[in-house]
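*Asks:* Before I ask anything, here is the structure I am working with.
Just so it is clear, none of the values below were taken in a lab; they were calculated from the coordinates. Note that the coordinates shown come from a computational prediction; the quantities given were computed from them, not determined experimentally. Positions of Cβ are backbone-derived with ideal geometry, glycine not excepted, and every protein chain shown enters the neighbour counts.
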Amino acid sequence: MKCDVAIVGAGPAGLCLARALDGMGLDIRLFDASPQESLACPAEDGREIALTHASQAVLERIGVWQRLDPESLSELRDAAVFDGESARPMRITHADGGHERLGTLVSNHHIRRAAWEAVADQKGVEVDTGVTVDTTELSAAGRRLGLSDGRSVEAGLVIAADSRFSGLRRAAGIGARMRDFGRSMLLARVALEQDHEHVAWEWFGYDRTLALLPLNGRRASAVITLPHEQARRLSQVDEADFNREVTGMYRDRLGAMRLEGQRHLYPLVGVWPDRLVAERLAAVGDAAVGMHPVTAHGFNLGLTGIDILSGEMQRAAGRGQPVSQLAVLKAYQRRHRLASLPLYLATASVVGLYTDDRLPARILRRSALRVANRVAPFRQAVARQLTGKGGFPGPLALVRGSGQ
Ligand SMILES: Cc1cc2nc3c(=O)[nH]c(=O)nc-3n(C[C@H](O)[C@H](O)[C@H](O)COP(=O)(O)OP(=O)(O)OC[C@H]3O[C@@H](n4cnc5c(N)ncnc54)[C@H](O)[C@@H]3O)c2cc1C
């Protein structure tokens, strides 16, 4: 088998990159380990992705947004950040961001399905499912990939979109720094007794972090970060106990909470690869940066990277240069790192601050929130980053479950 571009991983990043390369006349092959049915009709995985306005614009441009059912989009209007027992939150409003909402919440499985459908209709793309890519080596044509079914593929350019634990990245000799936070995030869709008014909550308790993401109707995604064993226990207690415990954790602020559907547990591991590119290979999506979900930036950054890489490839093609040359890939790496490094570092600081239960850290975070609440330019910078109208590193940390 031969192709111009081989994309390994048909998750949201791999699929969106295939869409972003549409119209370039490239022969693209996508490979994924999962069977076709689970890619075409992905199961609900509990993740409610908080998309910024900039991400929405990319998804529109690549024809994925249009395939999302409008009913599946939930408005993220404002955000409230609580610290400990304090009843007065820092409030970030859509008005601070100069938009009618801060962002939009969409379930991950809806994004995956929309992206799959868009790629299924795309000329020049072939998808191989139920097969893993096990090896990669440089070859005369670019790179040769070895597949689990014994076949091999010659590709001019290989894209690693195979998750934060990317085997392809490793096979290409790229190392990564990983940080296991020792905590897990439990996600559960819950029905609420009272209206959330489309406000996302972030609540930094001293022994846990809670977030509440407002979904359409009186529903929300409860996002509970705890030491792994406690999170595991909560994911397994019977439904009545879960409802009682979770209502208590959220201090009855929106009345009784009732579980709807499955609970999902995610151990929290951050990944920062040493490089994003090698000869004839580039990593995208979580393979390029595995963010802690506290910042809700994983897929948003994935889309930023896809936009940058496809733009660099288009510019190279316009100049009559090969899209797979190292200079093109390095330009992508440079720009992606500029976008992701401040967020990665800010996330690490927020996680560190909210993991530390010593008194100075408690005082620091309480004072930080008080000051931030009073300083309009700070709130506006946070809101503008969400709405895509400004640049402030790491703000979604404030509206999304932390891995304290
Ligand atoms: C709890 C949680 C909440 C989150 N919330 C947000 C949020 O609010 N906002 C946000 O922007 N992001 C969020 N994210 C991050 C977001 O979900 C990820 O960034 C995104 O799903 C990553 O997509 P991906 O395609 O890079 O990787 P994945 O979704 O991991 O897909 C990788 C694909 O590669 C395939 N694969 C792996 N190895 C191979 C191989 N060797 N051969 C073939 N195929 C292979 C797999 O089968 C899979 O389909 C959250 C993440 C978590 C865990």
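*Asks:* What is the magnitude of the charge dipole of region 44-154 about its Cα centre, with +1 placed on the Cβ of each Lys and Arg, -1 on the Cβ of each Asp and Glu, and no other charges, expressed in debye to the nearest 20?
*Replies:* The dipole of region 44-154 has a size of about 260 debye.
*Asks:* Specify which residue in the list GLN122, SER166, SER184 is farthest towards the positive end of the charge dipole of region 113-184, using unit charges on the beta carbon of Lys, Arg (+1) and Asp, Glu (-1), about the Cα centre.
*Replies:* The residue sitting most towards the positive pole is SER184.
*Asks:* Here's something else I'd like to know. Using the Cβ atoms and a cut-off under 12 Å, what net charge is assigned to the surroundings of ALA13, where Lys and Arg are +1 and Asp and Glu are -1?
*Replies:* -1
*Asks:* Please give the length that would be gained between ALA141 and GLN66 if that part of the chain were fully extended, namely 0.36 nm times their separation in residues minus their C-alpha to C-alpha distance (nm, one decimal).
*Replies:* Answer, rounded to one decimal: 23.3 nm.
*Asks:* When Lys and Arg each count +1 and Asp and Glu each count -1, what net charge do the other residues less than 9 Å away from GLU260, Cβ to Cβ, add up to? Let's see the in-between values first.
*Replies:* Numbers: positive: ARG189, ARG219, ARG258; negative: none.
Result for the neighbourhood of GLU260: +3.
*Asks:* Among the GluC sites (Glu not before Pro) within region 1-109, which fall in a DSSP loop and have no more than 14 other Cβ atoms within 10 Å of their own Cβ?
*Replies:* GLU44, GLU85, GLU100
*Asks:* Right, here's the next one. Divide the volume of the convex hull of the Cα atoms of region 126-278 by its number of residues and quote the answer in cubic angstrom per residue.
*Replies:* On the way: hull volume 25.7 nm³, N = 153.
Measuring per residue, one finds 168 Å³ for the Cα hull of region 126-278.
*Asks:* Okay, next question. Sorted from largest down, what three extents in whole angstroms do the Cα atoms of region 6-100 have along their principal axes?
*Replies:* For region 6-100, the Cα spread along each principal axis is 55, 28, 24 Å.
*Asks:* Report the normalised scattering of region 198-342 as log10 I(q)/I(0) at q = 0.12 Å⁻¹, calculated by the Debye formula with identical scatterers on the alpha carbons.
*Replies:* Log10 I(q)/I(0), no solvent term: -0.66.
*Asks:* Can you tell me which of 174-180, 246-252 comes out highest on packing, and rank the rest after it, using the mean Cβ neighbours within 10 Å?
*Replies:* Put in order of decreasing packing, that is 246-252, 174-180.
*Asks:* Defining a contact as two alpha carbons under 8 Å apart and six or more residues distant in sequence, what relative contact order in percent does region 93-157 show?
*Replies:* Reported relative contact order: 17 percent.
*Asks:* Here is a further query. With a point put 7 Å past each Cα toward its Cβ, work out how far MET178 is from LYS2 in nm, to one decimal.
*Replies:* 3.7
*Asks:* Follow-up question, since we're still on this one. What FRET efficiency, computed as 1/(1 + (r/R0)^6) with R0 = 35 Å and r the Cβ-Cβ distance, is obtained for SER349 and ALA43, rounded to the nearest 0.05?
*Replies:* Efficiency for this residue pair is about 0.50.
*Asks:* Hey, got the dipole for region 145-271? About the Cα centre, +1 on K and R Cβ, -1 on D and E Cβ, debye to the nearest 20? Could you put the intermediate results ahead of the total?
*Replies:* Working: 18 positive and 16 negative charges, 75 e Å.
The dipole magnitude comes to about 360 debye.
*Asks:* Here is a further query. Please report, in whole Å³, the volume per residue of the convex hull around the C-alpha atoms of region 44-121.
*Replies:* With only Cα atoms used, region 44-121 gives 107 Å³ per residue.
*Asks:* If you plug each phi of region 225-230 into the Karplus form 6.51 cos²θ - 1.76 cosθ + 1.60 with θ = phi - 60°, what whole-Hz ³J(HN,Hα) values come out, in order, with x for Gly and Pro?
*Replies:* Whole-Hz 3J(HN,Hα) from phi for region 225-230: 9, 9, x, 3, 5, 5.
*Asks:* Please give the peptides 116-124, 14-22 ranked by average Cβ packing (other Cβ atoms within 10 Å per residue), highest first, as a rough proxy for protection.
*Replies:* 14-22, 116-124
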